[in-house]
1. Can you work out the Karplus-derived ³J(HN,Hα) for every residue in region 320-333? Use 6.51 cos²θ - 1.76 cosθ + 1.60 with θ = phi - 60°, whole Hz, and x for glycine or proline.
2. Which shape class applies to the chain: rounded if a/c is under 1.5, otherwise prolate when a/b exceeds b/c and oblate if not, where a ≥ b ≥ c are the square roots of the Cα gyration tensor eigenvalues?
3. To the nearest 0.05, how large is the calculated FRET efficiency for residue 135 and residue 462 if R₀ is 41 Å and r is the Cβ-Cβ distance?
4. Given the rule -39500 (n - 2.57) for each run of at least 4 DSSP H residues, summed and divided by the residues of the chain, what is its mean residue ellipticity at 222 nm, to the nearest 500 deg cm²/dmol?
5. Which FRET efficiency value, to the nearest 0.05, do you get for residue 72 and residue 393 by plugging their Cβ-Cβ distance into 1/(1 + (r/R0)^6) with R0 = 51 Å?
6. Mind checking which of 25, 157, 52 is farthest towards the positive end of the chain's charge dipole, using Cβ charges of +1 (Lys, Arg) and -1 (Asp, Glu) about the Cα centre?
7. In whole percent, how big is the carbon plus sulfur part of the accessible area of the chain, probe 1.4 Å, protein atoms only?
8. Using a 1.4 Å probe, what is the accessible area per residue for the chain, in Å²?
Amino acid sequence: MTIERQSPDEKHLAAQWARVRGHLQSEVGEVEYRTWLRQMSLGELDGDEITVRLPSRFLRDWVRTHYGDRLNALWQAENRRIRRVDIAFGGTATAEGLAEPVNAAEPASPFETPPHAPGHGGGERAETAAALDPRFTFDSFVVGKPNEFAYACARRVAEKPASTGFNPLFLYGGVGLGKTHLMHAMAWELTRNGDARPGAAPVSVAYMSAEKFMYRFIAAIRSQATMEFKEQLRSVDVLMIDDLQFLIGKDATQEEFFHTFNALVDAGKQIVVSADKSPSDLSGLEERVRTRLGCGMVADLHATTFELRVSILGAKAQRAGVPVPAKVVEFLAHKITSNVRELEGALNRLIAHANLFGRTITLETTQEVLHDILKAHDRRVTIEEIQRKVSEHWNIRLTDMSSPRRARNVARPRQVAMYLAKQLTSRSLPEIGRKFGTRDHTTVMHAVQRVTELMTLDAGFADDVELLRRMLES
Ligand code: ADP
Ligand code: MG
């Protein structure tokens with residue numbers, strides 16, 4: 001083992017520092033880097049500890065909590081001697097020549113260069129404040145009853161921003177129902193339209209979460225650049241603020257947002273806002289803000305229906321180019337009802353698994369791969385539920401489950417329901433019998449035997465029963 005006696009070559013350290021910064025910059029993006037990290041300077045290397053300095057306590061704390069781990073990891077990857085990064089307050093670095101000039105006067109810009117619009121070369125002239133997800137377009141948004149109104153409003157505003165009755169556009173709904181997706185889709189479309197209509201004034205769009213809005217606002221205050229911040233925001237044609245509920249309780253930021261909002265609306269610019277509740281239900285938001293938010297178009301995204309979930313899964317599977325059997329799609333749409341994000345996550349995992357192991361997707365593999373997700377969505381099955389699902393499946397009346405009718409088309413489903421009740425609940429045979437129009441326990445036993453037998457003889461029938469079982473399973 002060699003013992004290093006010499007202090008490390010400073011040039012060497014400077015090069016490593018440049019790489020660390022470069023990595024961090026590409027990881028967090030231009031805006032975030034400029035807002036929080038640009039003013040970092042390199043301090044001294046002392047044993048296994050390197051110091052990184054920031055010119056204010058606020059910035060130091062911020063960088064420590066938000067980027068400390070990454071700085072540590074990146075430094076360790078660059079230099080094996082380094083075990084710890086000390087993030088300290090202090091404008092000037094002791095290692096001379098390594099520190100960068102601190103320029104606190106330069107404002108943090110709320111804008112960053114937008115990424116290219118999907119399938120389109122444009123976008124240079126429009127400004128968006130946060131990177132837009134290239135997957136979130138109108139094309140990839142599946143429309144159904146629960147979201148058709150919100151979709152139509154979004155389309156309309158993307159075509160004709162700031163038209164009467166649609167300003168502001170307020171989109172609201174629960175988590176994972178497509179608010180952000182619709183907002184990005186509008187931003188893409190507006191950017192594209194600006195480029196697609198020769199001679200028309202370019203449309204500049206600023207999209208950001210309410211949280212980002214607040215961070216930028218605070219950063220602007222700290223660097224005494226609020227004027228620039230305001231001017232930049234007020235120079236856009238369309239301002240989109242996502243998840244506005246975040247501003248509740250943040251009074252100064254709310255105030256700033258309100259002024260920006262008014263200035264833009266008065267100048268005939270479009271505002272689009274999303275939140276998890278309707279304007280009137282956003283208690284904690286100032287009355288005047290709520291009033292103004294509600295005076296344009298308010299559109300809500302309702303909870304998904306089974307049909308919409310099936311369409312979304314179908315569309316996403318098709319996009320991924322992976323065949324997912326209809327039975328699996330239906331099964332997932334039945335099981336995962338919370339929101340689209342979870343549904344999507346389950347499907348992605350399924351697809352990744354199929355690709356990785358070269359296995360085709362079946363109900364069996366689905367259950368195996370998504371075991372933990374499905375368990376989280378499990379609930380106890382009741383005999384009533386079984387009866388309902390089974391009658392729906394074969395299109396018979398629920399009352400036929402307990403009726404004395406013996407026609408095959410009702411008797412068979414009834415037997416399946418009894419079989420499933422035996423399999424999926426802890427009820428005894430007599431208990432089950434009573435739920436099916438006071439039938440005898442031997443009738444239930446017979447049904448269980450008959451269904452088991454039929455399943456070995458008829459693969460289609462077995463599939464049906466399996467599907468029902470999986471849908472109901474707890
Ligand atoms: P929210 O902002 O309302 O919490 P998101 O817009 O982030 O929800 O949507 C969550 C995920 O579900 C995203 O990946 C989005 O693409 C997808 N998603 C939601 N609704 C739809 C839809 N109608 N069609 C296609 N994808 C959807
Ligand atoms: Mg969102």
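1. Each residue of region 320-333 in turn: 6, x, 10, x, 10, x, 3, 5, 5, 4, 5, 4, 5, 5 Hz.
2. On the way: a/c = 2.78, a/b = 1.72, b/c = 1.61.
Judged from the Cα gyration tensor, the chain comes out prolate (a/c at least 1.5, a/b above b/c).
3. On the way: r = 38 Å, r/R0 = 0.93.
That pair, residue 135 with residue 462, gives E of 0.60.
4. Working: 18 runs with 239 residues, N = 474.
One gets -16000 deg cm²/dmol as the mean residue ellipticity at 222 nm.
5. Working: r = 56 Å, r/R0 = 1.10.
My answer for the efficiency is 0.35.
6. Comparing the listed Cα positions along the dipole, 157 ranks first.
7. Working: 11760 of 23380 Å².
Carbon plus sulfur share of accessible area: 50 percent.
8. Working: 23380 Å² over 474 residues.
Solvent-accessible surface per residue comes out at 49 Å².
The values are calculated or read from the model by the stated rules, or taken from the named source; none is laboratory data. In this text the structure is predicted, and so the values were computed from the model without any measurement. Cβ atoms come from the backbone with ideal geometry, glycine included; neighbour counts cover every protein chain shown. Side chains included, ligands, DNA and RNA excluded: accessible areas come from the protein's heavy atoms. Shrake-Rupley method; radii C 1.70, N 1.55, O 1.52, S 1.80 Å.
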